[in-house]
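The values are calculated or read from the model by the stated rules, or taken from the named source; none is laboratory data. On a predicted model such as this, the values are computed, not experimentally measured, just so you know. All Cβ positions, glycine included, derive from the backbone under ideal geometry; neighbour counts span all protein chains shown. Heavy atoms of the whole protein, side chains included, go into the accessibility calculation; ligands, DNA and RNA do not. Shrake-Rupley method; radii C 1.70, N 1.55, O 1.52, S 1.80 Å.
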Amino acid sequence: MKRLFVMLMVIGGALLTGCTRIESGTVGLRVDMSRQIQGTELQPGSWNQTLIGSVLEFQVRSIPTGWENLTPQTADNSTLKDFDVNIVYEVNPTSVSDLWTNQSRSFHTFEHGDYMLMRNYMSQVLSSAAAKSVRKYKALEVADNRENIEKAIHDTMVAMLKEEKLEKALTISQVRVTQAVPADDIVASANAAVRAQNDLKTKQVEVEIAKQEAIRIQTLNSNSQAIP
């Protein structure tokens, strides 16, 4: 009886240590001993044995990616000094198996024990969409049109996903432009133009004052001469 109890304890311990639970926000895929994907996606909350084969986990919610220090060209053929943009995207849980099996492994990343499906791919799509969207504006207009550029990036990325028939598998939930800095020479030129414009206005005011003063003096002289 004691042996049976011990055996049951050993088996129970093996089962517990040989299982994994799919966490919220992730989807699992079972891999057999031949490293082939078996069955459909394993849903969050499910317990799955790993004594035979293994289970891969994939993040499907709120996956971030982005770029810092991009230097896209603007409508006036200037290169931005700094352009930072970030997105958050979601993976359709029912598309996990298809994306993992049929897309290049170089499109994915692995972080903190989970695979980030299509993260590298989405980064490249983002870079291309950002370049196209910024190109519509002059260098000094980019910062004032962040919201428009964010929408243009989103729409461009959606169109690119549709071309690759990935619009149902990948959804962009957020686009944020966090930095948009014109080149130093553009800023210097703009500041010089503002100073020149201000100097011109100052000189125009000075000329007008001088004219009015001349008129005043002329009037006073005329009046003094008219007095007998």
Worksheet item: What spacing in nm lies between the two simple spin-label points modelled at D98 and T219, each 7 Å away from Cα in the Cβ direction?
Response: 8.4 nm
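Over 25 Å between Cα atoms, which of K138/K168; K132/K168; K81/K138; K132/K162; K136/K162 qualify?
Numbers: K138/K168 34 Å; K132/K168 23 Å; K81/K138 13 Å; K132/K162 17 Å; K136/K162 22 Å.
Flagged as over cut-off: K138/K168.
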Item to complete: Provide the net charge surrounding M118, with neighbours chosen by a C-beta distance below 14 Å and charges set as Lys +1, Arg +1, Asp -1, Glu -1.
Response: -1
Practice prompt. Using a 1.4 angstrom probe on heavy atoms only, work out the carbon and sulfur share of the accessible area of the stretch 62-169 in %.
Written response: 46 percent
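Report the net charge of residues surrounding S133, where surrounding means a beta-carbon distance below 9 angstrom and charges are Lys +1, Arg +1, Asp -1, Glu -1.
Working: positive: K132, R135, K136, K151; negative: E150, D155.
Every neighbour counted, the sum reads +2.
So if we plug the beta-carbon distance of K165 and E111 into 1/(1 + (r/R0)^6) with R0 = 25 Å, what FRET efficiency do we get, rounded to 0.05?
0.40
Quick one: net charge around V158, please, counting Lys, Arg +1 and Asp, Glu -1 for every other residue with C-beta under 14 Å from its C-beta.
-1
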